[in-house]
1. Hey, which of the helices (runs of 4 or more DSSP H) in segment 236-336, taking only ones fully inside, have at least 3 residues that are within 25 Å of the chain's Cα centre (by Cα) and either among the small types (Gly, Ala, Ser) or assigned by TED's automatic domain parsing to the domain that holds Met417 (or both)?
2. On the given criteria, is Thr212 assigned by TED's automatic domain parsing to the domain that holds Lys57 and buried (at least 21 other Cβ atoms within 10 Å of the Cβ)?
3. If we keep just the residues of segment 100-119 that are outside any strand (DSSP E or B) and of a type in the set (D, E, K, R), which is surrounded by the fewest Cβ atoms within 10 Å (Cβ to Cβ)?
4. Taking the condition of being more than 22 Å from Thr350 (Cβ to Cβ) and surrounded by 13 or more Cβ atoms within 10 Å (Cβ to Cβ), how many residues in segment 226-238 meet it?
5. In segment 120-129, is there at least one residue being surrounded by 18 or more Cβ atoms within 10 Å (Cβ to Cβ) and in a strand (DSSP E or B)?
6. Of the conditions (1) in contact with a strand residue (DSSP E or B) (Cβ under 6 Å, 6 or more places away or on another chain); (2) closer than 24 Å to Gly451 by Cα; (3) at pLDDT 95 or above, Ile405 fails just one. Which one is it?
7. For Phe357, only one of the following conditions fails: (1) assigned to a strand (DSSP E or B); (2) outside the structural domain of Asp245 (by TED's automatic domain parsing). What is its number?
8. Need the failing condition index for Lys112 against (1) over 29 Å from Arg344 (Cα atoms); (2) touching a residue at least 40 places away in the same chain (Cβ under 8 Å); (3) of a type in the set (Lys, Arg), just the number.
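The values are calculated or read from the model by the stated rules, or taken from the named source; none is laboratory data. What you are looking at is a predicted structure, and each value in this text was computed from that prediction instead of being measured. Cβ: placed from backbone, ideal geometry, glycine included. Neighbour counts: every protein chain shown.
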Amino acid sequence: MANIYQSKEELVEKVKTIIGKRIGDYEVEGMLNNQNSKGWVGHIMEQGVFGYEINNKRQPDFDNIGVELKATGYKWVRNGKQVSAKERLVITMINYFDDINTMFYDSHCFSKIDKILLILYEYEKQKARSDYIITNYYFYEYDKIPSKDKLIIENDWQTIISKIKNGKAHELSEGDTFYLGACPKGVNKDSVTEQPFSEEPAMKRAYSLKTTYMTNLLRTQVFHEVESKESFVKNLELLKTNNLDDLIYQAFHPFKGKSLTEIDELVGEEVPRKGNKQYIRSYISRMLKVGQDSLDSLEEFSKANIKIKTIRISKNGKIKESMSFPAFDFEEVANETWEESDIRNMFSSTIFLFVVFEEIDDSIREYKFKGAKLWNMPTSDLENEIRWVWERTNHILNNELILSIKGKKIYNNFPKMSDSKISHVRPHAKNRSVTNQLPKSTNIIIDNTDGTVDSSIYTQNHRFTKQCFWLNSDYVLSIIKKYANE
């Protein structure tokens with residue numbers, strides 16, 4: 001049935017007939033009830049709309065015209081003002097044995113990514129899956145994307161292949177690359193397979209376009225949001241001989257080991273430090289040769305999910321603060337699985353750019369720039385220590401949150417810094433009245449109280465002070481020390 005379509009125009013005409021319809025209108029064989037299937041929408045589109053059997057073939061779905069069919073969701077964020085991709089776009093499985101023997105343009109990855117008919121549906125948390133609405137379509141053509149994107153994607157593919165050839169398929173992570181990722185496939189850490197150059201079992205993985213790359217695509221090409229972003233890479237020719245990470249390190253290199261005063265002299269302009277809380281960001285933007293206002297939204301950084309983190313080391317060799325992340329939703333953590341958890345997705349897909357400064361004299365805000373490091377969390381740390389912290393938090397939210405009140409302080413049984421060498425859970429805000437709703441599954445236990453704090457705000461309203469996952473300061477410092485001499 002798939003081959004009855006002889007052109008992309010015929011495919012598009014078919015897709016136009018389903019715009020505005022419910023996904024449930026095309027359900028086949030109870031697919032909506034399969035909660036464990038990540039590709040359920042795509043399967044419904046394949047069988048219910050285009051009338052062909054689900055398959056795992058390495059060729060495009062419409063092989064006669066070289067078109068792959070994909071369905072993907074989006075959601076509205078920032079109070080409905082901005083669109084965001086719901087998840088990464090999985091392209092095809094990585095074959096650790098076959099893929100190392102081909103070039104990118106001859107690979108099955110390229111055959112699947114060359115031309116993609118994207119069917120888009122709006123994800124709404126409160127709706128039943130059958131009621132999601134098919135709202136848009138987009139025809140993705142690789143030869144029409146920006147040349148810069150193509151170079152980065154092709155470099156990403158080569159990075160994945162090189163890691164397999166080096167016998168490190170078991171160490172692959174989405175954070176290894178920028179736009180094209182190697183995402184995990186399978187229900188848990190036991191979903192492993194053999195690799196060619198090591199006896200170590202490797203997690204099954206697939207090529208995917210990252211969530212942040214897909215978000216940019218939706219905003220610029222589908223919904224046409226005005227989103228003019230400054231580029232870090234100004235000269236396209238540089239990407240033909242360098243990876244994106246090479247160019248980032250090259251930008252920082254002239255300033256390594258220099259004091260802020262010396263950087264002022266090199267740049268030819270002094271950054272005001274007194275009364276300027278953002279002075280470190282000013283130095284980072286000048287070293288990268290981008291505007292300070294663009295630092296968190298550089299085009300390549302946004303697409304690649306690169307997050308800049310400033311690290312300041314005190315004279316005593318310590319980092320003052322652990323590294324915090326946004327407050328989590330208690331109900332979401334209680335109801336999600338580890339494999340689908342926000343924290344696992346964040347640490348597996350985010351590339352952190354640590355920019356490190358060492359104190360010379362904090363009283364006059366004088367620091368030395370020590371260097372920069374692109375880092376993503378090793379799979380072993382993520383699947384062991386971080387998983388334990390998440391599982392402990394999930395268990396508490398589904399059982400008992402134990403509170404002890406003493407001397408106007410409230411202690412709880414969420415994982416502490418002493419419980420894990422990598423991560424812990426605690427509030428970010430100092431105001432304990434900034435709270436989130438607890439799930440019904442959480443039983444609040446007041447284990448001990450001296451009466452210095454009114455606990456009714458928790459027991460009567462079933463709420464608790466917002467909590468965040470943190471990376472321990474000693475763990476972050478160990479990362480910095482490991483790469484100090486690079």
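1. Because the criterion is at least 3 residues that are within 25 Å of the chain's Cα centre (by Cα) and either among the small types (Gly, Ala, Ser) or assigned by TED's automatic domain parsing to the domain that holds Met417 (or both), no helices (runs of 4 or more DSSP H) in segment 236-336 meet it.
2. Taking the combined requirement at face value, the residue satisfies it.
3. Only one residue tops the list, namely Asp106.
4. 1
5. Looking for residues that are surrounded by 18 or more Cβ atoms within 10 Å (Cβ to Cβ) and in a strand (DSSP E or B), one finds at least one in segment 120-129, hence yes.
6. Of everything listed in (1) in contact with a strand residue (DSSP E or B) (Cβ under 6 Å, 6 or more places away or on another chain); (2) closer than 24 Å to Gly451 by Cα; (3) at pLDDT 95 or above, Ile405 misses just condition (3).
7. The failed condition is (2).
8. With respect to (1) over 29 Å from Arg344 (Cα atoms); (2) touching a residue at least 40 places away in the same chain (Cβ under 8 Å); (3) of a type in the set (Lys, Arg), Lys112 is out only on (1).
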